[in-house]
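Take a look at the structure below.
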Amino acid sequence: MNGNGAAIRADEHEQSVAATAMAEIVHPVLSPAEAVLFAEFGHVREVPAGQVLFHSGEFGSSMYVIRSGIVDLDFGEDLMVKYLGPGEFFGELGLLIGNHRRGADAQASTDVVLLELGHDDFQRLVDRAPGLIAYFLRRTIMRVVSNEQVLIRQLRHRNHDLEAALDNLYTTTHQLNHTEELVRTDELTGLDNRRGLTLYLQECRQSRRMPPQGLLLIDCDHFKHINDEYGHLVGDRVLQAVANILRSVVQVDGLACRLGGDEFCLLVQEADAEKLAHVAGFILQAVHGLLERAQPVPRICPVSIGACLLDPRSDWNDWYALADSAMYEAKRLGGNRLQWPRDWLGAN
């Protein structure tokens with residue numbers, strides 16, 4: 001290989017690393033290699049649903065990785081609650097800074113199994129795989145910066161004087177960073193929008209990624225009542241909660257999308273009926289776990305799910321029609337359930 005070829009391959013590698021890092025800012029999840037390494041040195045901790053891991057303002061020096069279940073981080077007042085699922089991590093600043101003041105309440109929404117790592121554990125990680133940990137630290141720093149930007153956007157609603165200045169900052173940032181990622185992302189939930197769905201399906205047809213094999217169509221039950229009764233701000237938070245649950249189960253090469261209003265879809269790779277039903281069951285279980293917690297205003301609502309396996313010879317319109325018919329059958333039966341198309345032979 002000549003010098004030019006080596007330089008080109010090195011540049012392509014750097015671009016690939018940068019693209020991966022930016023994707024993981026939005027969805028902070030350990031890579032497979034990191035997961036194996038952290039599991040070797042972390043301490044398994046089982047936490048029952050409803051138990052508080054720590055409160056905002058408390059000092060802590062541990063980091064947590066979720067192996068199963070859902071943990072919600074409540075930043076208080078009118079800031080958006082974050083729901084974290086398997087493979088995601090939190091509390092890393094306590095580990096990296098040491099005795100750091102927590103910025104949110106952390107509570108188990110469902111029964112949770114965690115990996116807990118302290119300072120000594122992290123030092124052993126550094127000794128074992130310094131290159132891998134250096135990459136993890138880089139992503140962590142970028143994630144902190146990204147989260148601060150998100151919090152600033154949320155605070156616009158609390159201060160009218162600051163809102164105009166932040167709107168100008170947002171407009172300027174949007175103009176300078178008008179990338180494909182911004183174009184394909186739903187602003188409210190952070191999921192892909194219809195544009196993102198179209199681009200994803202185009203990439204599948206062009207063999208840039210494996211085509212999906214299963215589709216879940218998710219629609220919120222009685223969402224109009226929540227908007228009418230509690231207002232659109234509460235309705236927005238309900239949609240964000242549903243989106244966070246979908247984000248926690250979407251595969252690396254799958255897609256979670258807000259189609260519009262209170263309708264979402266999840267495209268699943270390497271799916272059969274059993275796996276698709278398992279994913280739908282997790283979504284319903286997560287929703288039920290949040291519904292069982294008494295709140296002065298709704299934080300979630302029941303969902304109806306239509307499921308279908310995908311024929312690669314058909315297109316999106318055919319897939320959507322199948323899942324849509326199943327979803328409306330679920331609503332006809334009372335909602336809050338999974339339903340398969342009536343004419344699908346494998347349906348129960």
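The values are calculated or read from the model by the stated rules, or taken from the named source; none is laboratory data. Worth saying up front: this structure is predicted, and the values here are computed from it rather than measured. Every residue, glycine as well, gets a Cβ built from its backbone with ideal geometry; the counts of neighbours run over all protein chains shown.
A few comments on the model shown:
- Helices (runs of 4 or more DSSP H) contained in the range 216-304 and holding at least 1 residues closer than 21 Å to residue 339 by Cβ and in contact with a Cys (Cβ under 7 Å, 6 or more places away or on another chain): 223-230, 232-249
- Any hit, the range 314-330, residues being farther than 26 Å from residue 195 by Cα and either in contact (Cβ under 8 Å) with a residue 12 or more places away in the chain or among the small types (Gly, Ala, Ser) (or both): yes
- Of everything in the range 70-95 that is more than 19 Å from the chain's Cα centre (by Cα) and surrounded by fewer than 17 Cβ atoms within 10 Å (Cβ to Cβ), the residue that is nearest to residue 240 (Cα to Cα) is 78.
- The conditions of being surrounded by 14 or more Cβ atoms within 10 Å (Cβ to Cβ) and modelled with pLDDT under 90 are not met by residue 49.
- Top-ranked residue in the range 27-46 [being under 22 Å from the mean Cα position of the chain (by Cα) and in a helix (DSSP H, G or I); ranked as surrounded by the fewest Cβ atoms within 10 Å (Cβ to Cβ)]: 32
- Residues that are free of Cβ contacts under 8 Å to residues at least 60 places away in the same chain and either within 18 Å of the chain's Cα centre (by Cα) or part of a helix (DSSP H, G or I) (or both), drawn from the range 195-215: 195, 198, 199, 202, 203, 204, 205
- Helices (runs of 4 or more DSSP H) lying entirely in the range 106-178 (those with 3 or more residues that are touching a helix residue (DSSP H, G or I) at 6+ places or on another chain (Cβ under 8 Å) and modelled with pLDDT under 85): 130-155, 160-176
- In the condition set (1) more than 13 Å from the chain's Cα centre (by Cα); (2) assigned to a loop (DSSP other than H, G, I, E, B), residue 67 is compliant with all but (2).
- Test: residue in the range 322-345 that is under 16 Å from the mean Cα position of the chain (by Cα) and among the basic types (Lys, Arg): no
- Against the conditions (1) touching a residue at least 24 places away in the same chain (Cβ under 8 Å); (2) in contact with a helix residue (DSSP H, G or I) (Cβ under 8 Å, 6 or more places away or on another chain), residue 227 satisfies every one except (1).
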